[in-house]
Amino acid sequence: MKWLVLIHVLVAIIGIGPTFFGTILLRKHQTISDLRHNVLLQHKLDYFPKIGGTLAVITGILLVLFGSYGSILQVWLFGSLVLYLGIQVIVIGFISPALSDLQRWLLHPDNRASTQLPPTQTSALHKVSNLYWLTILLGCIIFILMIIKPS
């Protein structure tokens, strides 16, 4: 059981950790050249939450099934699961599409010489940046719930 807890904690940290870089890489005020580079980096980092987050949920379910953690309806367990699902909805439903549109514009050959983002792309960048801050907040709440374990 200790090994499963260790694996669960490691994949959670590895899975959620790169999300924290989203706020730095996709900050609102940077050059287009930097943004172009950072969007590509963030695209690569997005694999960590997808894989690590999925493994964290699987190992978490195994811990609940085979451990002595009590009912899944406890605030810390159920709350963590709901918050994680919220993060997934935010990332998959809102961040990924906006980031894909932004990346498509940044990498389009016609826009290579641009020195400023048009208003629609600026709006998308601000949206993505703010949503990353929200995911960080929700991720921190999950870690707090997992550590404190309120009933």
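The values are calculated or read from the model by the stated rules, or taken from the named source; none is laboratory data. Please read all numbers here as calculations on a predicted model, not as lab measurements. Cβ coordinates were reconstructed from backbone atoms using ideal geometry, including for glycine residues, and neighbour counts include every protein chain displayed. To get the accessible areas, we keep the full protein, side chains included, count just its heavy atoms, and leave off ligands, DNA and RNA. Shrake-Rupley method; radii C 1.70, N 1.55, O 1.52, S 1.80 Å.
Using a 1.4 angstrom probe on the protein heavy atoms only, line up Val39, Val57 by accessible area, largest first.
Val57, Val39
State the extension gain, in nm to one decimal, for the chain segment bounded by Ser151 and Ile13, taking 0.36 nm per residue of separation less the distance between their alpha-carbons.
47.4 nm
Go through (1) 59, 24, 20; (2) 42, 31, 24; (3) 53, 35, 33 and flag the label whose value is the computed Cα extents along the principal axes in Å for this structure.
Calculated Cα extents along the principal axes in Å: the matching label is (1).
Find me the longest stretch of the chain that has none of the exposed trypsin sites (Lys or Arg not before Pro), where exposed means in a DSSP loop (not H, G, I, E or B) with at most 16 other Cβ atoms within 10 Å.
Of all site-free stretches, the longest is 29-111.
Given Cβ point charges of +1 (Lys, Arg) and -1 (Asp, Glu) and nothing else, what value in debye, to the nearest 20, does the dipole of region 1-112 about its Cα centre take?
Result for region 1-112 is approximately 140 debye, rounded to the nearest 20.
Which of Ile141, Ser96, Pro18 sits closest to the plus end of the dipole of region 1-142, meaning its Cα is farthest towards the positive end, when Lys and Arg get +1 and Asp and Glu get -1 on the C-beta?
Highest projection toward the positive end goes to Pro18.
Do you know the relative contact order of region 8-151, to the nearest whole percent, from alpha carbon pairs under 8 angstrom that are 6+ apart?
Result for region 8-151 is 37 percent.
Using 0.36 nm per residue of separation minus the Cα-Cα distance, give me the extension gain between Ile58 and Ile90 in nm, one decimal.
In short, 9.5 nm is gained.
Can you give the extra length, in nm with one decimal, that the chain gains between Lys50 and Val82 once fully stretched, where that is 0.36 nm per residue apart less the Cα-Cα distance?
Taking Lys50 through Val82 to full extension adds about 9.9 nm, to one decimal.
Leaving out ligands and nucleic acids, and using a 1.4 Å probe, what accessible area per residue does region 1-44 come to in Å²?
With the other protein chains kept in place, region 1-44 gives 61 Å² per residue.
Tell me the carbon and sulfur percent of the accessible area for the chain, rounded to whole percent, probe radius 1.4 Å.
With neighbouring chains kept in place, the figure for the chain is 73 percent.
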